[in-house]
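All remarks here apply to the structure that follows.
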C-alpha cells in the first residue's frame, strides 16, 4: 500500500541514538558527559531547556521520578538483560544487593550500597529510556551545582541534613532565589523528592554529577531468553496447563482488574472508612471530606479501592491485605510476582471461579452466572515498556491454547486533550517497525464514557508508538499532529507487530501499511492521558493519586465488561450447540 505517514525531520534524534549505541559497544564505562551535546541538540520536548542556564524543572522531576533515590550516590549504572553477565563482568552476587525502586518506572534494579546500580533491561526500549533519563538528570544536577556551589545556603542545608530538621519557609524562599525558581516550583520539587529533598540539594551543591554507564550482554537472544524465563515461571506457578486454555490477554496494572473482580475492598468498606476518618493520613482525609461534601465528583467504588491501597501499606492494614489475598484465591485469582530480569508481574484469573455477588456492580453483566461453565482465563500483566510488549505477547501466544482477545490500558501523552482524558485509537504508527497498523478497536466512546468522571473520551484517534519519551522534539510532534496523530505512547506498535505474527505465516513487515481488521480475536486499546507535551503542564504522576485512578478504572471497567460479555456469549453458544445436539 502507498505510505500515508509523513517522514519526520528527526536527524538530531537519530544521531543521538547512533551516538549512545556506538559508545555502548565498548566493554568499558561510557561517561554520560559524552552524550550531553547530542542530547541537547535533539531539543527534546521533555527537555527544552537542556542547553540553557535556567533549570528545566519539568525534565528534572520527570527524570527523578524514573530513577531510584540512590541515584544521588550513584556513579556507575551497569545494565544487562542477563543475570550471568553481571557475574562474568566482575559484579558478584548482584541478586544479593538491596533492591532499589524508582517511583515512576518499573525496572529491576539493585544497589551495592556504595556507587553502583545494576539495572536489568528487557529490550532496546529500556536503553532508549534509561540513557536519556540519566543524561537529563546529570545536566540538571550540574545546573543546580553551579547555582548553589558558592552560595551561603550550603551551610544551612548541611546543618538541616545533619540535624534532620525540615526546610522552613525562609529556607524555601532562599532556595527559590538561589535557583531562580518560583515558590510553587520549589513545592513541586519537594513533593517529588519527599524526604530526600534536602539531602539531594546538599549533594548537588557539594559536587558535580559524573555518571557513567556500562552495557553488558544485550543480544536478541538474551532478550528472548529473559522473556522465556518469565513465562516459564508463570506456567509453574499456576495449577492448570496454560497450553490447553483459552486466554483473554490484558496489559494494564496489577490492582484495578482484581479489585473489580474480587470485591475485597468493597466488602470491607466500613473498616476502610474508619481508617480514613481516623485522620492518620491527612491527604486522604481531605479527599474524603471533599467527596462527602460534593466539592469534587467521584466514583465511590474507586475511592474505596484507593483507600485499600493506602491502608495496605500501614501496619494495621497487613491483616486485611492477607485476607484479601486468600479471598482472591477463592475466586480464582492467582498473582505471580516476577522473579527474573523482566520485571512484569502477572495475574491469572479463572473465569469459572468468579463469585458473581462479589464483583463490582459496574461489571456485573447479564448472564454472569453462566461463567461457571467457562474454560477461559484472563491473563493480566503489569504493562511492559516498549519492545518488551512484542516479546511478551509472542511468547504468550505460543504458550496458550487460544488467544481470544488483546486488551491494552496504558498511559500516553496527548497533543489535543487534557490530563485524565481517555483516547481510543484505530490507527497506530509504530516507529520501531515504521509500519502503520489499521485495526478495529472494539472500544469506542460509549464503552468508557459512563464510567469516567473527570475527563473526556476521544475515540477515532490516531496513535504513534515512539522509541522513548525523550526521543521526540517539537518539530517531530508537529509533523504527526498535522496528519492527525495525537496519541503518543510506547507499547501499541510492538503489540500489533505481535498480533500480525499470530495471524500471518511470516514475521511482521517493515515500512508498510498493515491491515489487521481480519484478526480472529478482539483487539482493544485504551490510553489515558498522563502528559500534555505541547502545554508543558504537570504530569499525571504529580497529581493526586486518586485523580489518576479515574481514567484507570474507567478503562478497566470497559475491558472487564467486554471480556465477561464475550465469554458469557461463548458459553451460551456452547450450551445451545449441546442442547441442539441432544435433540
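Any read-out appearing in this document is the output of simple, stated calculations on the displayed coordinates, not a laboratory observation. Note that the structure is a prediction, hence the values are computed from the model and not measured. Don't worry about glycine lacking a Cβ; one is built from the backbone with ideal geometry, like all the others, and counts go over all protein chains shown.
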Directionally averaged shadow of region 141-283, computed from the convex hull of its alpha-carbon atoms, nm²: 15.9
Fraction of alpha-carbon pairs over 25 Å apart in region 11-215 - percent: 38
The chain, relative contact order in percent, only Cα pairs under 8 angstrom and at least six apart counted: 18
Using alpha-carbon coordinates, inclination of helix 300-311 to the longest axis of the chain, degrees: 50
Residues in region 167-195 that a label on residue 54 would reach, taking backbone N under 12 Å of a point 7 Å out along Cα→Cβ: 180-182
FRET efficiency for residue 286 and residue 177, using Cβ-Cβ distance with R0 set to 35 Å, rounded to 0.05: 0.70
Normalised convex hull volume, region 421-513, alpha-carbon set, Å³ per residue: 109
Residue 106-residue 327 pseudo-label distance in nm [points 7 Å out on the Cα-to-Cβ vector]: 2.3
Protection proxy ranking, peptides 485-496, 225-236, average beta carbon neighbours within 10 Å, highest first: 485-496, 225-236
Ordering of 158-164, 465-471, 250-256, 381-387 by packing [mean C-beta count within 10 Å, highest first]: 465-471, 381-387, 250-256, 158-164
Region 421-564 - percent relative contact order, Cα under 8 Å, separation 6 or more: 34
Crossing angle, helix 11-23 versus the chain [Cα axis fit, 0-90 degrees, rounded to tens]: 80
Bins of 20 Å, starting at 0 and running to the largest distance - Cα pair percent for the chain: 19, 54, 25, 2, 0
Gap separating the Cα centres of region 176-210 and region 212-281, nearest whole Å: 34
Segment residue 99-residue 355, length gained on full extension (0.36 nm per residue, minus Cα span): 88.5 nm
Cα-based helix-to-principal-axis angle, 545-582 vs the chain, degrees rounded to 10: 20
Highest average packing first - 168-175, 279-286, 259-266, Cβ atoms within 10 Å: 259-266, 168-175, 279-286
